[in-house]
Amino acid sequence: MGMTLSGALNACSSPPLLPFTKDTPTLMLVSAQQAGVTDERARFREIYCAVLETRAKVLPDYRPCEKALTRVGAEPASTGKPVDLGPSRRHLIVGFVPGLGWECFSAWLNVTGSVSSYLAQFGYDARLIEVRGLASTEENARRIRDAVLAMPVTAGERRLVLIGYSKGAPDLLEAIVSYPEIRPYLAAVVSAAGAVGGSPLANGARESQADLLQHFPGARCKSDEKAVASLRTDVRQRWLAQHPLPREVSYYSLVTYPDPDHISRMLHGSYEKLSKVDARNDSQLIFYDEVIPGSTLVGYVNADHWALAVPIDRSHPWITAMFVTENAYPREALLEALLRFVEEDLENAVSK
């Protein structure tokens, strides 16, 4: 009877998120140092904490630094260096590449541009790079290339920082590899909760599920039926294995690593499903799949996948109260700290 019951339960269970296959690049899970990743979490923590405490009374969604970041393992010791919160010396231009479906629901979100206007007072020129919400990485890479070449920056100045959120990260990496003409403009590339290694959730998902976003209120997106496929783990891992990233660009990884009680109620289902592979996830991505190989690890953010960059709490408080319960996060402070860290790191590299 026990064997029969066990067999029945196994037959009813869902298929594994990472199915058995022999068609895979050679992979291994190693420490950050062994993967060629530089751990600079301590310095970023110093900068982020300084920004949070200085702006506590003027920015929304304040939280103490210890609750804004997640300490994972043995974090390097603090540097003790002062933090400069003055104007940007490089006057960096920042291009944000959004994730899956942004084009479909951005009108509903009613984003006010508070982040761009906030960063402008420090000399940062922040703008959105418009990519298709339901398109392949190849299609969006072409759009990123066109957007970069249209920006007010001269080749060789290297003042442009591109930040890829979620699917925006692989779109961005595809553009850098496929279009070498944009590289002379780039100072840095950042993965912010980026689907660099893909997501196991995409492995069993269908394009038709993502296509439902076309019916979102105010949606203006069309699908090329390739968006979900480009997020599958085998696709992303094979792409990384076959496309070494150009060395003349600096890479950074900002990873979401929330405490389980910081996952919004609406995201509990995907968090639990992904936890069958690894509970160290943000409801959409496992933490190690967010890191660009050979990059600088900036920090682990105590926020779920949506809280990092999808500000539902700012425009739909009743939905936040009932469903997206952990969406509030000090995004303006986080982005200021990120840009100050990148700028300082780039200047240190030049001085060396």
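The values are calculated or read from the model by the stated rules, or taken from the named source; none is laboratory data. All values derive from a computational prediction rather than experimental measurement. Cβ sites come from the backbone with ideal geometry, for glycine too, and all protein chains shown count toward neighbours. Each accessible area value is taken on the protein alone, full model and side chains, heavy atoms only, with ligands, DNA and RNA left out. Shrake-Rupley method; radii C 1.70, N 1.55, O 1.52, S 1.80 Å.
Numbers at a glance
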{"item": "Residue match in the stretch 284-296 (condition: over 13 Å from the mean Cα position of the chain (by Cα) and either in a helix (DSSP H, G or I) or closer than 18 Å to ASN140 by Cβ (or both))", "result": "no"}
{"item": "Considering residues of the stretch 166-209 that are of a type in the set (Gly, Ala, Ser) and touching a strand residue (DSSP E or B) at 6+ places or on another chain (Cβ under 7 Å) only, the residue surrounded by the fewest Cβ atoms within 10 Å (Cβ to Cβ)", "result": "ALA187"}
{"item": "Qualifying positions in the stretch 47-87 - open to solvent by less than 40 Å² (accessible area, probe 1.4 Å) and in a helix (DSSP H, G or I)", "result": "ILE47, TYR48, CYS49, ALA50, VAL51, LEU52, CYS65, ALA68"}
{"item": "Residues of the stretch 43-59 that turn out to be out of contact with any Gly (no Cβ under 9 Å at 6 or more places or on another chain) and touching a residue at least 12 places away in the same chain (Cβ under 8 Å), as a count", "result": "10"}
{"item": "Odd one out for ILE93, checked against (1) open to solvent by 20 Å² or more (accessible area, probe 1.4 Å); (2) more than 20 Å from ARG314 (Cβ to Cβ); (3) of a type in the set (A, V, I, L, M)", "result": "(1)"}
{"item": "Which listed residue, of VAL255, VAL277, VAL235, is in a loop (DSSP other than H, G, I, E, B) and out of contact with any Cys (no Cβ under 8 Å at 6 or more places or on another chain)", "result": "VAL277"}
{"item": "Subset of the stretch 106-140 (residues that are under 19 Å from the mean Cα position of the chain (by Cα) and under 15 Å from TYR185 (Cβ atoms))", "result": "ARG127, ILE129"}
{"item": "Helices (runs of 4 or more DSSP H) within the stretch 153-213 that include 1 or more residues under 20 Å from LEU245 (Cβ atoms), touching a residue at least 40 places away in the same chain (Cβ under 8 Å) and within 21 Å of the chain's Cα centre (by Cα)", "result": "168-178"}
